[in-house]
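The block underneath contains the structure these notes are about, expressed in structure tokens.
The values are calculated or read from the model by the stated rules, or taken from the named source; none is laboratory data. Source: prediction; values computed, not measured. Here the Cβ positions follow ideal geometry from the backbone for every residue, glycine too, while neighbour counts run over all protein chains shown.
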Amino acid sequence: MNRASLDKRPDEVAAMFDGVAPKYDVVNDVLSMGQARRWRRIVVEAVGASRGQKVLDLAAGTGTSSEPYADAGVHVVACDFSLGMLRVGKRRRPDIDFVAGDATRLPFADNSFDAATISFGLRNVNEPAAALAEMFRVVKPGGRLVIAEFSTPVVPLWRTMYTEYLMRALPAIASKISSNPDSYVYLAESIRAWPDQDELAARIAAAGWQEVAYRNLSGGIVAVHRARKPGRDEAANAGAQDALRHRGTRAAF
Ligand SMILES: C[S@@+](CC[C@H](N)C(=O)[O-])C[C@H]1O[C@@H](n2cnc3c(N)ncnc32)[C@H](O)[C@@H]1O
């Protein structure tokens, strides 16, 4: 198994990440030209978890996205379905709670987390709507959702340059440093096929989340979406209203 196809069969996706796990973090740093660290800091700020709170880091991979929470005294649960990625993470950070689980059928109780976050994972899930619904189920009423994902650069010239990088330079660099260069062709193709900022905001709201907003990073190469689960006494249809409002709008935070 070299790479997953764009229909994202879960067994193929898990096997692909098992294969890249040992060098995953180093390759990330190189391919993002160091930007990944800044993007991660902004995600942690958006989650805004405090000591003692419980955060689900879904599709956590090797736990790089989970570490800042653990370092800040937050109880982070790092969940992923690639045992290869989880093993690398557990070896590096035995103190973090790594859990094997599928984003579309989470092994957690209803209303059990203060926040859920997913960094560079939702695009790889074969049913993103099911993952959004599952995160909604496990987050407490009033709790938060933060999603970091590759997105669509907003300025046309920047978008063209970035597309060239994705489709040509990135696979060429990956072929030199990754154990599985084909998986970086999948990365480029899956980014291009992924919905833009407004469309993702609409999908988040359609899963019931409210106050959906997003912030572009590096000119829109990455977008961080933030949302809140309605409190116990808030209208049940708030999410559906947000879904309508977000079509064609540019919410920001
Ligand atoms: C690009 S990595 C991101 C890892 C980490 N969040 C980070 O920021 O470095 C994507 C992860 O999504 C996981 N993944 C994809 N589909 C999944 C699913 N349905 N359930 C759980 N994990 C999934 C993969 O196994 C992989 O570890």
Problem set entry | Criterion (β-branched (Val, Ile, Thr) and in contact with a His (Cβ under 6 Å, 6 or more places away or on another chain)) met by exactly one of Ile96, Ile147 | Ile147
Seminar exercise, completed: Out of (1) in contact with a His (Cβ under 9 Å, 6 or more places away or on another chain); (2) more than 13 Å from the ligand (Cβ to nearest atom); (3) not acidic (Asp, Glu), the one Ser50 does not meet is (1)
Exercise. Based on what the data block shows, is Trp158 within 20 Å of the chain's Cα centre (by Cα) and surrounded by 13 or more Cβ atoms within 10 Å (Cβ to Cβ)?
Worked result: no
Exercise. Just a yes or no: is a residue in the range 52-70 farther than 24 Å from Asn126 by Cα and small (Gly, Ala, Ser)?
Worked result: yes
Exercise. Got at least one residue in the range 81-101 being among the polar types (S, T, N, Q), in contact (Cβ under 8 Å) with a residue 24 or more places away in the chain and in contact with a strand residue (DSSP E or B) (Cβ under 9 Å, 6 or more places away or on another chain)?
Worked result: yes
Problem set entry | Evaluation of Arg3 against (1) in contact with a Lys or Arg (Cβ under 9 Å, 6 or more places away or on another chain); (2) of a type in the set (D, E, K, R); (3) surrounded by 15 or more Cβ atoms within 10 Å (Cβ to Cβ) (one fails), failing number | (1)
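Matching residues to (1) farther than 21 Å from Ile221 by Cα; (2) charged (D, E, K, R); (3) modelled with pLDDT under 95; (4) assigned to a helix (DSSP H, G or I):
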site: Met85; (1), (2), (3), (4): yes, no, no, yes
site: Arg91; (1), (2), (3), (4): yes, yes, no, yes
site: Asn111; (1), (2), (3), (4): yes, no, no, no
site: Ala115; (1), (2), (3), (4): yes, no, no, no
Problem set entry | Qualifying positions in the range 107-122 - within 17 Å of Ala227 (Cβ to Cβ) and within 11 Å of the ligand (Cβ to nearest atom) | Thr117, Ile118, Ser119, Gly121, Leu122
Seminar exercise, completed: Scanning the range 133-167 residue by residue, those among the acidic types (Asp, Glu) and within 16 Å of the ligand (Cβ to nearest atom) turn out to be Glu134, Glu149
Exercise. Restricting the search to the range 5-47, which residues are near the ligand (Cβ under 10 Å from one of its atoms) and aliphatic (A, V, I, L, M)?
Worked result: Val13, Ala14, Ala15, Met16, Val20, Ala21, Ala36, Val43
Problem set entry | Extreme residue, modelled with the lowest pLDDT, among residues of the range 221-239 that are out of contact with any helix residue (DSSP H, G or I) (no Cβ under 7 Å at 6 or more places or on another chain) and not in a loop (DSSP other than H, G, I, E, B) | Ala238
Problem set entry | the range 6-54 - residue that is among the charged types (D, E, K, R) and assigned to a loop (DSSP other than H, G, I, E, B) and, of those, surrounded by the most Cβ atoms within 10 Å (Cβ to Cβ) | Lys8
Problem set entry | Residues being away from the ligand (no atom under 11 Å from the Cβ) and under 16 Å from the mean Cα position of the chain (by Cα) - total across the range 69-95 | 3
